[in-house]
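S.K.: Sharing a structure, written as structure tokens. Questions coming.
The values are calculated or read from the model by the stated rules, or taken from the named source; none is laboratory data. None of the values given here were measured: they were computed from a predicted structure. Neighbour counts are summed over all protein chains in view; Cβ atoms, including those assigned to glycine, are modelled from backbone coordinates with ideal geometry.
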Amino acid sequence: MALLTIDNESTTHHPLDLLEEVVGANEWAFERASRDELAVEIEGRWCGYRLYFFWQEDMGALHFSSIFETKVPKARRQEVHNLLALINEKLWLGHFDLSSDDGTPMFRHTIPLRGAPGVSVEQFEDLFDVATTECERFYPAFQFVIWGGKSADDAMAAAILDVEGEA
């Protein structure tokens, strides 16, 4: 996904300022709740995703989460936790989690930037690519467990099949 070419030298050092330029250039809906928070809405193949970015100045870290448009009923949360363990051991970057507040599945990652001159457009591009790829890859597994009543093992077996073409 080639997001945008921006001259990094012309932007400020606050990472969400650069992110706001990238998001605006792609014409994605977003809201800048505060200087250190930005929310973006994008459509995926399976559902819409709400992306949250939080800049932690004192830690020099940018936290990111991509939240699915679904909730896990309490009766299925244990099996979803089993699924999370299976999914997370396959990931190289980031991890999936389940909100303890409302049972919302999400992909999360934090980029440590302490001592770095800032974040680059390419880093944002990689973050969007990894997050959307992994969310799209495992969304069916979540659905198999949540609504299909399948076990985590069965859902993973179905999710990792390489499908060619589209129906």
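S.K.: Give region 106-157 a look and list any residue that's within 30 Å of PRO73 (Cβ to Cβ) and of a type in the set (Asp, Glu), or say none.
M.R.: GLU134, GLU136, ASP153, ASP154
S.K.: Among all residue pairs at least 6 apart or on different chains, which show Cβ distances below 7 Å where the first residue, located in region 147-164, is under 22 Å from THR133 (Cβ atoms) and the second is at pLDDT 90 or above and among the polar types (S, T, N, Q)?
M.R.: The qualifying pairs are ALA152/ASN82.
S.K.: Additional query: What number of residues within region 112-136 satisfy the criterion of being more than 20 Å from GLU69 (Cα to Cα), in a helix (DSSP H, G or I) and not aromatic (Phe, Trp, Tyr)? Break it down stepwise before answering.
M.R.: Here is the first cut: in region 112-136, the ones more than 20 Å from GLU69 (Cα to Cα) are 112-126.
Pick out the ones that are also in a helix (DSSP H, G or I) and you get 121-126.
Still in the list and also not aromatic (Phe, Trp, Tyr): 121-123, 125-126.
Here the count works out to 5.
S.K.: Enumerate the pairs (first residue in region 103-130 and without any contact (Cβ under 8 Å) to a residue 60 or more places away in the chain and crowded, with 17+ Cβ neighbours inside 10 Å; second residue anywhere and acidic (Asp, Glu) and part of a strand (DSSP E or B)) with beta-carbon separation below 7 Å, excluding pairs fewer than 6 apart on the same chain, so at least 6 apart or on different chains.
M.R.: Pairs found: MET106/ASP97.
S.K.: Looking at region 71-84, which of its residues are surrounded by 12 or more Cβ atoms within 10 Å (Cβ to Cβ) and either aliphatic (A, V, I, L, M) or touching a His at 6+ places or on another chain (Cβ under 8 Å) (or both)?
M.R.: Within region 71-84, VAL72, VAL80, LEU83, LEU84 qualify.
S.K.: Quickly run through region 68-111 and pick out the residues that are aliphatic (A, V, I, L, M), in a strand (DSSP E or B) and under 18 Å from THR133 (Cβ atoms). Spell out how you get there, then give the answer.
M.R.: Of all residues in region 68-111, those aliphatic (A, V, I, L, M) come to 72, 75, 80, 83-87, 91, 93, 98, 106, 111.
Right, trim to in a strand (DSSP E or B) and you get 98, 106, 111.
Listed by number, the residues that qualify are MET106, ILE111.
S.K.: Residue under question is SER66, and the condition is that it be touching a strand residue (DSSP E or B) at 6+ places or on another chain (Cβ under 9 Å) and touching a residue at least 40 places away in the same chain (Cβ under 8 Å); does it hold? Before the answer, list the steps.
M.R.: Details: touching a strand residue (DSSP E or B) at 6+ places or on another chain (Cβ under 9 Å): yes; touching a residue at least 40 places away in the same chain (Cβ under 8 Å): yes.
Taking the combined requirement at face value, the residue satisfies it.
S.K.: Going residue by residue through region 137-157, is there one that turns out to be outside any helix (DSSP H, G or I) and either among the charged types (D, E, K, R) or at pLDDT below 90 (or both)? Before the answer, list the steps.
M.R.: To start, the set of residues in region 137-157 that are outside any helix (DSSP H, G or I) comprises 147-151.
Narrowing the set further to residues that are either among the charged types (D, E, K, R) or at pLDDT below 90 (or both) leaves 150.
So far as region 137-157 goes, yes, one or more of its residues are outside any helix (DSSP H, G or I) and either among the charged types (D, E, K, R) or at pLDDT below 90 (or both).
S.K.: Given (1) in contact (Cβ under 8 Å) with a residue 60 or more places away in the chain; (2) touching a helix residue (DSSP H, G or I) at 6+ places or on another chain (Cβ under 9 Å); (3) among the acidic types (Asp, Glu), identify the lone condition not met by ASP97.
M.R.: In the conditions (1) in contact (Cβ under 8 Å) with a residue 60 or more places away in the chain; (2) touching a helix residue (DSSP H, G or I) at 6+ places or on another chain (Cβ under 9 Å); (3) among the acidic types (Asp, Glu), ASP97 misses (1) alone.
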